[in-house]
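A.B. asks: Sharing a structure, written as structure tokens. Questions coming.
Nothing in this text is a laboratory measurement; each read-out follows from the coordinates by a stated rule. In this text, all values refer to a predicted model and were calculated from it rather than measured experimentally. Here Cβ is always computed from backbone atoms with ideal geometry, including for glycine, and neighbour counts include all displayed protein chains.
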Amino acid sequence: MRRYETIFIAYADLPEEEINGLVERYSAIIKDRKGILIKAERWGKRKLAYEIKKHARGSYVLIDFAGTAAIVTELERNLRIGDKILKFMTVKTQDTVDLQELEKEMNPPSVVEEKAEPTPGIDQEAATPPAGAEVTEVQTVEAEGKEDEATTTESAGKEEKE
């Protein structure tokens with residue numbers, strides 16, 4: 001089994017339900033032939049680099065899947081005869097596929113919120129503003145590969161004029 005990505009461009013004036021129907025139709029072709037659908041992303045409507053069939057905009061869709069060359073042949077045949085498709089392209093991304101890695105990619109482990117750890121190399125007392133001061137802006141400055149945290153503070157007693 002190999003891994004492929006197919007990108008197709010549909011007419012921009014198609015309703016969202018019709019584009020979803022196209023994605024389901026082409027996904028079903030992959031699943032019916034014992035391929036593994038990894039993801040189907042709708043990139044939305046974008047301006048084309050050049051006009052295709054007198055259209056300047058199109059709806060982009062990416063289908064990432066694993067399967068055999070026969071699946072690609074059938075998918076491209078259907079894309080070719082589809083009257084709502086402006087253009088398509090299929091690219092092989094991997095020669096061999098590890099099914100365990102695909103499972104992990106398709107079902108990522110749940111993310112547990114971790115407590116923020118202090119950044120090493122930054123003096124926490126120097127990074128903390130003095131009592132009674134408000135922090136209005138925090139900027140990260142990167143100079144020669146070193147990160148420093150610059151903090152802009154305003155004093156609470158600024159009402160006094162000298």
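A.B. asks: Just to verify a result, which residue in the range 1-44, among those that are free of Cβ contacts under 8 Å to residues at least 24 places away in the same chain and in a strand (DSSP E or B), is nearest to Gln94 (Cα to Cα)?
C.D. replies: Among those residues, the one meeting the criterion is Glu41.
Each row is one residue, and each column tells you yes or no for (1) surrounded by 18 or more Cβ atoms within 10 Å (Cβ to Cβ); (2) touching a helix residue (DSSP H, G or I) at 6+ places or on another chain (Cβ under 8 Å); (3) within 23 Å of Thr96 (Cβ to Cβ).
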position: Ala10; (1), (2), (3): yes, yes, no
position: Glu17; (1), (2), (3): no, no, no
position: Ile29; (1), (2), (3): yes, yes, yes
position: Lys47; (1), (2), (3): no, no, no
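A.B. asks: When the residues of the range 61-79 are narrowed to those that are in contact with a strand residue (DSSP E or B) (Cβ under 8 Å, 6 or more places away or on another chain) and part of a helix (DSSP H, G or I), which ends up farthest from Ala10 (Cα to Cα)?
C.D. replies: Among those residues, the one meeting the criterion is Ala69.
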